[in-house]
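Okay, structure first, notes after.
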Amino acid sequence: MGDSDTWIHGASATAEAGRVRTDDGEFSSRLSSPLAPHGSGLTPEQLLAAAFASCLHHAAVEAATDLTDESHTVEVRAETRLLRDPDGRYRADVRASVSSCGLNAEQLSALAHRADLLWPFCGQDGTRHTVNVVAARNDEAPVPAPPP
């Protein structure tokens, strides 16, 4: 991965006390709890589906500009399923489809392929994204939550 000075976009989010929010305050939602399975709030699979749909939509709109002047009609649908492996770890299965008005089957296929190549989480190349989980220091001050 490139040096942090070369990244184009960045964001951060915090999940705590039954809520998830972006640190800029643009998104905030209740989370379901594994300790209260019948409670309300977004589930991990809902959040993953929304995140994948959003990421792929961004890439598909960019890719569509090479194919059509109707890039504003691009629609992405993402479906996410979670499974527990026998060792207790989660596994995610994400399926996405891309559509756009006025494109024939060949153009839609090209659009989906181009978007998949742009998208950092494409299924073909696991080297384009990293996930690192580390323990935070206890002396780090938590970011205050926005008012409800």
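Taken together, the values in this text are just the output of simple stated rules run on the coordinates, not laboratory data. If you're wondering where the values come from, they're calculated on a predicted model, not measured in any experiment. Glycine also receives a Cβ, built like all others from the backbone with ideal geometry; neighbour counts cover every protein chain displayed.
List of remarks:
- Percent of Cα pairs exceeding the 20 Å cut-off, where the set is region 1-78: 53
- Summing charges over neighbours of Thr80, with a neighbour being any other residue whose Cβ is under 9 Å away from its Cβ, gives -1 when K and R count +1 and D and E count -1.
- Low-density loop positions, trypsin sites (Lys or Arg not before Pro), region 4-113 - DSSP coil, at most 11 other Cβ in 10 Å: Arg89
- Taking a Cβ cut-off of under 10 Å around Ala63, the surrounding Lys, Arg, Asp and Glu residues balance to a net charge of -2, with basic ones at +1 and acidic ones at -1.
- Scalar couplings 3J(HN,Hα) for region 24-37, obtained by applying the Karplus form with A = 6.51, B = -1.76, C = 1.60 to θ = phi - 60°, are 8, x, 6, 9, 8, 8, 6, 10, 6, 10, x, 8, 9, x Hz; x denotes Gly and Pro.
- Given the chain, longest segment not containing exposed loop GluC sites (Glu not before Pro) (DSSP; at most 14 other Cβ within 10 Å): 71-139
- Along its principal axes, the chain has C-alpha extents of 53, 40, 35 angstrom, given from the largest down.
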